[in-house]
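*Asks:* Please see the structure below; I have some questions.
The values are calculated or read from the model by the stated rules, or taken from the named source; none is laboratory data. The model shown is predicted, which means the values in this text are computed figures rather than measured ones. Ideal geometry is used to build each Cβ from the backbone, glycine not excepted, and the neighbour counts take in all protein chains shown.
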Amino acid sequence: MATQPVTVPGADLVLRPFDREDLPDLLAAFADPLVRTWNPGPDDEDGVGAGQRWMDDRNDWSDGTHASWAVGGLDGRLLGSVSLYKIDHDQLDAEVGYWLAPWARGRGWGARAVDAAAGFGFGDLDLHRLHLFHAEENVGSCRLATAAGFALEGRLRQSYRYPDGNYHDEHLHARLASDSWSFPPGLPQPG
């Protein structure tokens, strides 16, 4: 596995390393209550320094346990982030995590970014299974997971304490390398 992010083209976007120019958009995204509620991010008290450390951590793949990317629009603007993490090279599986900036929602970019990351996981890393969890109340994340071909497998009761400090019930979604899948007709198309 590479020790630094590998650029992965997607439909109307690119998965790429985080760079210094992403910092203002990263901090703006984590100022959004929806992003902040469901995702750990840079500490508010040291925004610029914490934001740079957060990006540096995602750009360092050297331990072989994660592959993380900035989701960039074709104009270069940061749209969000997607990661394959807890990569288990024995079981050939990994967990998927993602978030979208407020200005990127509702255009299908999240599902396309997750699909591009899944393609990397199944192709470049030869993984067998990818799974993801989201809080049951996070309906947008559920729609994104389903649109990216991740089947709902079940509900986990009070399984994770989110940044709000509360334990939430979660949905478990998964996708296998062998799954036959294509984008649903209602997903906004690139362009």
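*Asks:* In the range 58-103, how many residues are among the small types (G, A, S), more than 22 Å from D126 (Cα to Cα) and touching a Gly at 6+ places or on another chain (Cβ under 7 Å)?
*Replies:* 2
*Asks:* How many of the residues making up the range 167-186 are under 18 Å from the mean Cα position of the chain (by Cα) and modelled with pLDDT under 80?
*Replies:* Total satisfying the criteria: 1.
*Asks:* If a residue has to be within 24 Å of F122 (Cα to Cα) and loosely packed, with under 12 Cβ neighbours inside 10 Å to count, how many in the range 138-161 make the cut? So that I can check it myself, show each step before the final result.
*Replies:* Kept after step one, since they are within 24 Å of F122 (Cα to Cα), are these residues of the range 138-161: 141-154.
So of that shortlist, the ones also loosely packed, with under 12 Cβ neighbours inside 10 Å come out as 153-154.
Count: 2.
Yes or no, residue by residue, for (1) free of Cβ contacts under 8 Å to residues at least 60 places away in the same chain; (2) under 14 Å from W99 (Cβ atoms):
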position	(1), (2)
L13	no, no
L26	yes, yes
P33	yes, yes
N39	no, yes
S62	yes, no
S68	no, yes
G73	no, no
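*Asks:* Please state which one of D93, D56, D63, D115 is acidic (D, E), within 14 Å of G10 (Cβ to Cβ) and either more than 12 Å from the chain's Cα centre (by Cα) or surrounded by 14 or more Cβ atoms within 10 Å (Cβ to Cβ) (or both).
*Replies:* Values: D93 fails: within 14 Å of G10 (Cβ to Cβ); D56 fails: within 14 Å of G10 (Cβ to Cβ); D63 fails: within 14 Å of G10 (Cβ to Cβ).
Result: D115 is the single residue among D93, D56, D63, D115 that is acidic (D, E), within 14 Å of G10 (Cβ to Cβ) and either more than 12 Å from the chain's Cα centre (by Cα) or surrounded by 14 or more Cβ atoms within 10 Å (Cβ to Cβ) (or both).
*Asks:* A145 versus (1) touching a His at 6+ places or on another chain (Cβ under 6 Å); (2) on the phi > 0 side of the Ramachandran plot: which is the lone unmet condition?
*Replies:* (2)
*Asks:* Turning to a different aspect of this structure: Please verify whether D164 is at pLDDT below 95, of a type outside the set (V, I, T) and surrounded by fewer than 13 Cβ atoms within 10 Å (Cβ to Cβ), treating the condition exactly as stated.
*Replies:* On the way: at pLDDT below 95: yes; of a type outside the set (V, I, T): yes; surrounded by fewer than 13 Cβ atoms within 10 Å (Cβ to Cβ): yes.
Yes.
*Asks:* Sticking with this structure for a sec: Can you tell me which residue is surrounded by the fewest Cβ atoms within 10 Å (Cβ to Cβ) among those in the range 1-46 that are in a helix (DSSP H, G or I) and among the β-branched types (V, I, T)? Write out each step before concluding.
*Replies:* Step one: list which residues in the range 1-46 are in a helix (DSSP H, G or I), which gives 20-31, 33-38, 44-46.
Among the residues that remain, those that are also among the β-branched types (V, I, T) are: 35, 37.
Details: V35: 20, T37: 15.
Filtering the range 1-46 for residues that are in a helix (DSSP H, G or I) and among the β-branched types (V, I, T), the one surrounded by the fewest Cβ atoms within 10 Å (Cβ to Cβ) comes out as T37.
*Asks:* For the subset of the range 35-82 comprising residues that are among the basic types (K, R) and under 21 Å from L132 (Cα atoms), which member is modelled with the highest pLDDT? Talk me through it step by step, then tell me what you get.
*Replies:* First pass over the range 35-82, keeping only residues among the basic types (K, R): 36, 53, 58, 77.
If we keep only those that are under 21 Å from L132 (Cα atoms) as well, we get 36, 58.
Details: R36: 88, R58: 95.
This residue is R58.
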